[in-house]
Structure formats: C-alpha cells, structure tokens
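Participant: Quick one: this structure, given as structure tokens, is what I'll be asking you about.
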Amino acid sequence: MVVGGGIAGLQAAIQLGRYCHNVLVIDSNYGRSNLCHAYHNILGWPDGVSGRILRETGKSQAEQLDVQFIEEEVVEIEKQGGQFILYSKASKPFYGKRVLIATGVMDRLPPFPNLYPCLGISVYVCPDCDGYEVKNKRALVLGSGNVGANMALTLTYWTDELIYINHEKKAIDANILQQLKDKKIELYQEEIKEIIADGSAIQGVHLENGKKIAANRAFVAFGGNAVHSSIAEKLGVELHKNKHILVDPRTKMTNIEHVWAAGDVVAHSEQVTIAMGEGLQAAIWIHKSLLKDKGI
C-alpha cells in the first residue's frame with residue numbers, strides 16, 4: 001500500500017511495479033505537487049516541468065506496470081498481526097502487508113486567487129529550488145513576521161532588490177529588523193488587498209492602504225505549513241519535533257516494522273529529486289522485506 005500519489009509515492013509505485021508486486025496507491029489528489037506549475041532544478045528539464053505533468057506521467061508509467069490507483073483520503077492505519085488495515089473517508093477498508101506513507105506537506109498560502117496560477121512560474125516558495133529565478137531581479141517577499149523576514153534575508157544571496165510585505169503584521173524580532181535595515185530590504189507592515197497578475201505572471205500587489213508595488217517575481221513565506229503525518233502518528237510512528245516523520249537513513253523504514261515513509265513528509269530538505277530518491281530507496285527495501293518473508 002502506498003499512501004500518497006505525489007512524486008515520492010509514484011516513484012516507489014513504479015519500482016514496486018517493476019518488481020511485479022501487487023501495489024495499490026491511495027491518493028487524495030490534493031498534494032503540493034499539484035500546485036507547482038514549473039520545477040526548474042530537475043535533471044533533464046532545463047526549461048522546467050510542472051507537478052501535474054510529473055504526476056500524470058508517473059501515474060501512466062505505474063499503470064503500465066499494473067499498479068492500481070484509487071482516489072481516497074486515508075484517515076487511519078491499523079496494524080493487526082501481520083497485516084495493515086487502511087481506513088478511508090468513503091470506501092471500505094484496504095488491506096496490505098506493507099505500507100509506505102508519502103503524504104507530503106502543504107504550504108500555507110494566502111487566499112488570493114491570482115496567486116495560484118503563478119506558483120512555480122513567477123511566484124516561489126523554496127529558495128533552494130528557485131532562488132536562482134530572482135537573480136539580480138526585483139522581487140517581493142509576501143509573508144508573515146520572522147518567517148517572511150528570514151526568507152527575504154536568505155534571498156539577498158541572489159538579489160539586492162527585495163521588498164518584504166508583512167501581510168499578517170506579525171511581530172518581527174528587533175535583531176531581524178536590524179538585519180533587514182542593514183541589507184536595505186524595504187519593509188511594509190501592511191495587508192495585501194490583491195495580487196496583481198496577468199495569468200501566470202505576477203505584476204505586483206495592491207496594499208490595503210492603497211499603495212501599489214510593482215514586481216514580476218515573488219516568494220511566499222508564511223510559515224505554518226501543514227505536515228500530513230497525523231495518520232503515521234496515530235499508528236505510533238516516531239516524529240521529529242516539527243511533525244515530519246523520522247526514518248532509517250538507509251532503508252527509509254520508520255520505527256514501526258513494515259511501515260516506510262518517503263518524500264516531503266520525512267524530515268529532510270523538501271525537494272522533488274530527494275522525494276524521487278527516497279521513494280525508490282523505500283521500494284527497494286520493501287521488496288527486500290517481502291523476499292525475506294518468502295525465505296529468499
């Protein structure tokens with residue numbers, strides 16, 4: 001059973017399908033990779049590739065290997081003897097010998113409709129993935145308190161033209177305020193009224209005080225991203241203090257025997273290529289454990 005049909009779950013499913021195991025992927029179809037319209041730092045895609053394309057391609061590839069998919073949200077996993085029972089919101093229970101949890105995380109984004117078509121193209125969330133996209137460009141940081149301020153400071157590696165808009169007006173520590181000043185980062189402690197965009201191209205923001213600020217690149221940093229590890233926690237899986245799942249660095253198995261985890265829900269840098277690698281690595285060790293059951 002693979003819980004989560006994002007990048008990590010799909011890569012694991014493909015590998016397990018190539019081992020000719022019976023594989024079911026249970027996916028809510030509401031994952032982080034659905035939102036990103038262009039990943040730019042992936043080998044073989046110099047012009048970027050959308051999360052949707054990766055997901056559609058991966059699902060098609062897995063289905064050719066007889067991997068089964070169902071669109072459901074798993075709400076609980078129970079271990080009974082040598083098998084696991086997975087309960088969803090709508091369907092009857094699912095039963096399996098092994099479980100891979102690849103449920104990911106979800107960014108906390110402000111509710112501006114014009115923002116979403118821009119994600120991955122002109123608006124970004126990860127400086128490691130997309131800091132390069134604002135190199136020597138004027139860029140906004142739309143955020144909250146210290147989280148947004150620290151994003152702006154991080155981006156000074158790439159550009160000197162940064163404007164931080166503290167949309168939620170949360171307090172910023174005095175030492176961080178001084179760093180913003182030292183780096184000459186403009187600061188607005190104002191709510192955003194609307195995102196100004198032309199399709200996938202952000203053009204700026206309109207603040208509640210009436211001021212309009214123009215820029216064709218932006219980062220979002222509000223903090224409080226949702227880590228989808230609750231079903232793992234209920235099962236007794238050990239979590240890091242930030243709610244990400246802890247796994248064996250070699251096998252990707254959790255502290256619960258025959259339960260693995262991979263992708264952004266695991267405690268590591270949240271990158272597509274890392275998710276792929278972890279999904280593949282987990283699949284290898286799931287296969288090894290199944291062979292061991294057969295005495296091979």
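The values are calculated or read from the model by the stated rules, or taken from the named source; none is laboratory data. Because the structure is a prediction, the values reported are computed rather than measured. We place every Cβ from the backbone using ideal geometry, glycine too, and count neighbours over all the protein chains shown. Protein only, heavy atoms only, side chains kept; ligands, DNA and RNA dropped before computing areas. Shrake-Rupley method; radii C 1.70, N 1.55, O 1.52, S 1.80 Å.
Participant: Tell me which residues, restricted to region 146-177, are closer than 17 Å to Leu207 by Cα and open to solvent by less than 10 Å² (accessible area, probe 1.4 Å).
Facilitator: Correct list: Gly148, Leu162, Ile163, Tyr164, Ile165, Asn166.
Participant: Yes or no: Glu270 outside any helix (DSSP H, G or I), open to solvent by 60 Å² or more (accessible area, probe 1.4 Å) and not basic (Lys, Arg)?
Facilitator: Spelling it out, it is not the case that Glu270 is outside any helix (DSSP H, G or I), open to solvent by 60 Å² or more (accessible area, probe 1.4 Å) and not basic (Lys, Arg).
Participant: Residues of region 97-135 being surrounded by 23 or more Cβ atoms within 10 Å (Cβ to Cβ), part of a loop (DSSP other than H, G, I, E, B) and aliphatic (A, V, I, L, M), which ones?
Facilitator: Ala102
Participant: If you check every pair at least six apart or on different chains, which have Cβ atoms under 6 Å apart with a residue in region 178-196 that is buried (at least 18 other Cβ atoms within 10 Å of the Cβ) first and a residue that is part of a loop (DSSP other than H, G, I, E, B) second?
Facilitator: Ile192/His167; Ile195/Phe112
Participant: Every residue in region 197-208 that is touching a residue at least 60 places away in the same chain (Cβ under 8 Å) and within 15 Å of Pro111 (Cβ to Cβ), please.
Facilitator: Ala197, Val205
Participant: Another question, if that's okay. Of the numbered conditions (1) in contact (Cβ under 8 Å) with a residue 24 or more places away in the chain; (2) in a loop (DSSP other than H, G, I, E, B), Gly44 satisfies every one except a single condition; which is it?
Facilitator: (1)
Participant: Turning to a different aspect of this structure: Say we look at region 6-36 and pick out the residues that are touching a strand residue (DSSP E or B) at 6+ places or on another chain (Cβ under 6 Å) and under 19 Å from Asn225 (Cα atoms); which of these is surrounded by the fewest Cβ atoms within 10 Å (Cβ to Cβ)?
Facilitator: Only one residue fits best here, namely Asn29.
Participant: A further question on this structure: Of all the residues that make up region 101-112, how many are touching a residue at least 40 places away in the same chain (Cβ under 8 Å) and more than 12 Å from the chain's Cα centre (by Cα)?
Facilitator: So the answer is 4.
Participant: How about region 220-249: which of its residues are free of Cβ contacts under 8 Å to residues at least 24 places away in the same chain and either open to solvent by 70 Å² or more (accessible area, probe 1.4 Å) or in contact with a Lys or Arg (Cβ under 9 Å, 6 or more places away or on another chain) (or both)?
Facilitator: Ser230, Glu233, Gly236, Glu238, Lys241, Lys243, Pro249 - these are the residues of region 220-249 that are free of Cβ contacts under 8 Å to residues at least 24 places away in the same chain and either open to solvent by 70 Å² or more (accessible area, probe 1.4 Å) or in contact with a Lys or Arg (Cβ under 9 Å, 6 or more places away or on another chain) (or both).
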